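A quick write-up on the structure given underneath.
Bear in mind that the values in this text are calculations on the coordinates, not laboratory data. The structure presented is a predicted model; accordingly, all values stated were derived computationally and were not measured. Here the Cβ positions follow ideal geometry from the backbone for every residue, glycine too, while neighbour counts run over all protein chains shown.
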Amino acid sequence: MWAYFKFELTQFIRNKKNIAVYVILLFLACFYAFEMAPSYKPIERVDAREIESRYLVREAFLSEFRDNPDRFSGMAGFGLAIYPEWNRLEKDRLDALNTGDYIKYSEATSGWYVYSNNFTYNSDFFSYSPGYYSHGNLYAEDDGYYGYLYSASRYKGYAEGKSELSLNVFEERTALQTVQRLLESYLPLILMIGCIFLTVDIVLKDRLNPTILKGFPISDWKKVVVKGFVALIGSIGMVLPLSIGLIFIGINYGFGDFNLPVPIYTLGEDVAIFLKGDFVNIPMGHYLLENFMLIALIFIFLISLILLSSMVIKNEFANLVVGAVFITNEVFYFKRGIGYWHEVELYPTNYVQVGQILSGYRNYIYGSSQLILNNGLIVMGISSLVLVVFIFIISKIKRYKLI
Amino acid sequence: MLELKNINVQFSGRNILKDINETFYPGEIIGLVAPNGTGKSTLMNVIMNYVKPSKGTVVVNENLQYTSKKNEVKIHQIVSMMPDQSDLYNHLSGIEHLRIYCSMWHSDPSLIESTINALNMESYVKKKTGTYSLGMRQRLCFAMQIVSNTPIMLMDEVMNGLDPNNVDIISKILLKKKEEGKIIIVASHLLENLESISDRIFLFKHGQLINVSDVSSGFGKNEITTVRVREMADEVNNKFLNEFPETNIQSLANGISLIDVTDFNVEQLAEIVVFLKENNQTDFSFGNVTLNDMYSMYYLGGK
């Protein structure tokens, strides 16, 4: 079996299509590092001028009304009630930024986001940062709510943690934070597409060399297991070309560290205000490890799915379609909030957006509390096991020929 | 030991292999002769379990049969089939192919070097097989099977594309492997060569395996059993039958007539020589029935 593994691994590494996959990933990583990362504009930026502007406007209002009680009206009263604290936080942020005291800035900013959110969500008078109000976004308020409390939690973590802080850390530009952001964006999809392309011909390529391979003294079951294992190693190996891009990002913006806080949205028993959940910070290392575990398990599921398709349908295009259906299926039924009525945690296709699952964002938009790591591991694990059992049964059928 | 028990294979209602019962023993080279498409490769595929017979079983070492996937693996550790040269990986070198086969069958790695030397492959074995000529590829395929070192070896068209020198080299290696106690089944169209190395030769006719020794008393004997006459005219033929009514004569499609002179004494042989000379048939020779003759008899037709 070891000899067959070495043979398959050699074939895999020398496969031109596989080399192309790695080269494309390397190109994408470098393109991201040199073109997209520098132009990244976070919605929640560290912008002293913006803070100062808000502070001065409110301060002018306060001074106007404090000194002219005759002009007092209902809404002005509301402003007089809430602006002093808001502006205190703004002032603390501004002073901390000017003195370079990032711990103090983090404390004040965390408080600012909580305070701002309390008066902005469902408010007719205040709005979140403009970035949430993109064209066609019907859920800008909810996204703002999520973004503000996410930021509040993050800054609280910075203030309480021991990580070295910088403006790049605040804007999540460091290499590890970029990975975190990409995991909650397109990275899982790219990795899964890569996994599909790496696996799509791992069984069917043997049809090109039948007389060399058919007589190998190794069973079909072991052949398939070895092929699956090689595909898994190759899929995990996609990290290598992507790391090159991250190194460039790290050189430009810092690497960050594994203790940086990653806010996780949870909807526990103790439901916070607005009937929504709250955020709990976990260390970056922990978060990345969770992502690795779930992505690896999804790789195993995808590889098993394509191996089974290769054994039954025996067509590479069909393998591509089967893989593509898995990773795109959620698009066809996803609706915000359906997790309230449906047990969305039971569908394997709901775990494709790995980073969003583990950060809790998927729970937030599904209105569920069950799209979590444990359920993901159980659902994907059982699904993979079912596929592996099918592969085992088929490979043991006496008349079945793998090649 | 390799036993074929009542093997039947049908494709589209046509009998490709029919009631084949044969046993092959260690230390034997078995030659298979037949035109293309008559079942040689199918028989080998049945032995490898690549083709399921509609009836019958293959038994290896007295008790191993293709009754389960587990047994198939066990049998493939014992029986190997020479790969086809068109299936080689063009991006791998010859030596990489040899290493793959050596490691898959856990054979002695020193076999790689000795086989390369024996087949004079040193000059090209490290180059990618995509650059090889047909003969080089064929030698590599042969070397791969030799390196696998299985007790039973099946070789389909092993001499394809080889020059006489390499045919000779491979023949010597086959004889050496035979001495080591291997069962080697060779299908080839180089009939003279096959005749010289094989212990038993089988022809395929109507899906059946026919041992040439059973159909021609003169085949393979070290005595004069046949007079081979080239381009014998019909009237001479008839005249011969009148003069020697007890003697069998067979005209082959390749223009050769075989006169069966088994157990003839010198005087009888002399009478035949005189007859042929008197009838201006000067292109004749004494000997025994060759595989070429048998091939002509069976597959090219004759009277």
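Odds and ends about this structure:
- Rounded tilt (10° steps) of B:164-179 against the dominant C-alpha axis of chain B: 70
- Residues listed by number, the range A:104-132, amide nitrogen under 16 Å from residue A:167 label point at 7 Å toward C-beta: A:105-106
- By DSSP, the beta bridges lying fully in the protein assembly as shown are antiparallel in about 70 percent of cases.
- Within the shell of other residues whose beta carbon sits under 12 angstrom from the beta carbon of residue A:254, the net charge comes to -3, with Lys and Arg scored +1 and Asp and Glu -1.
- Derived scalar couplings ³J(HN,Hα) [the range B:27-39; Karplus, 6.51 cos²θ - 1.76 cosθ + 1.60; whole Hz; x for Gly, Pro]: x, 10, 10, 9, x, 10, 10, 4, x, 4, x, 10, x
- To the nearest ten degrees, helix B:234-243 and the longest principal axis of the Cα atoms of chain B are 70 degrees apart.
- Karplus-based coupling profile of the range B:286-291, in residue order and whole Hz: 9, x, 10, 5, 9, 5, with θ = phi - 60° in 6.51 cos²θ - 1.76 cosθ + 1.60 and x standing for Gly or Pro.
- For the pair the range A:292-367 / the range B:106-125, the C-alpha centres are spaced 50 Å from each other.
- Efficiency of FRET from Cβ geometry, residue A:313 and residue B:67, R₀ 25 Å, rounded to 0.05: 0.30
- Cross-link partners for residue B:70 among the aspartates and glutamates, with Cα-Cα distance under 17 Å and sequence neighbours closer than 8 places in the same chain left out: A:220, B:62.
- The range B:132-233: antiparallel DSSP beta bridges as a percent of all, rounded to 5: 45
- Per-residue ³J(HN,Hα) for the range A:81-90, Karplus 6.51 cos²θ - 1.76 cosθ + 1.60, θ = phi - 60°, Hz, x for Gly and Pro: 6, 9, 5, x, 5, 4, 6, 4, 5, 4
- Extents of the protein assembly as shown, largest first, come to 153, 51, 41 Å (Cα atoms, principal axes, whole angstrom).
- Listed residue pairs exceeding 28 Å between alpha carbons, taken from A:396/B:55; B:18/B:177; A:41/A:104: B:18/B:177
- Placing +1 on the Cβ of every Lys and Arg and -1 on the Cβ of every Asp and Glu, with nothing else charged, gives the range B:1-94 a dipole about its Cα centre of roughly 360 debye.
- Rounded to the nearest 20 debye, the dipole magnitude of the range A:119-191 is 260 debye, with +1 charges on Lys and Arg beta carbons, -1 on Asp and Glu beta carbons, and the Cα centre as origin.
- Filtered GluC sites (Glu not before Pro), the range A:314-403: DSSP coil and at most 12 other beta carbons within 10 Å: A:343
- The charge dipole of the protein assembly as shown, taken about its Cα centre with unit charges on the Cβ of Lys, Arg, Asp and Glu (plus for the first two, minus for the last two), comes to roughly 400 debye.
- Rounded, prolate or oblate (a/c below 1.5 giving rounded, otherwise prolate when a/b exceeds b/c) for chain A by Cα gyration tensor: prolate
- Where chymotrypsin sites (Phe, Trp or Tyr not before Pro) fall in DSSP loop in the range A:25-70, at most 15 other Cβ within 10 Å: A:40
- Cα gyration tensor, the range B:191-297 - rounded (a/c under 1.5), prolate or oblate: prolate
- Positive contributions from Lys and Arg (+1) and negative ones from Asp and Glu (-1), summed over other residues with Cβ under 14 Å from the Cβ of residue A:11, come out at +4.
- Applying the criteria of a DSSP loop state and at most 13 other Cβ atoms within 10 Å to the GluC sites (Glu not before Pro) of the range B:237-301 yields B:246.
- Count of Lys pairs (Cα-Cα under 21 Å; at least 8 positions apart or interchain) in the range A:178-305: 7
- Between residue A:127 and residue A:373, the FRET efficiency from the beta-carbon distance, with R0 = 56 Å, is close to 0.95.
- Using every pair of distinct Cα positions in chain B, the Kirkwood expression returns a hydrodynamic radius of 21.3 angstrom.
- Evaluated over the Cα positions of the range A:48-171, the convex hull gives a direction-averaged projected area, one quarter of its surface, of 8.5 nm².
- Counting DSSP beta bridges with both ends in chain B, the antiparallel % (nearest 5): 65
- Within the same chain, aspartates and glutamates fewer than 8 places from residue B:40 are excluded, and of the rest, those with a Cα less than 12 Å from its Cα are B:156, B:157.
- Between helix A:140-160 and chain A: long-axis angle, C-alpha atoms, 0 to 90°, nearest 10: 90
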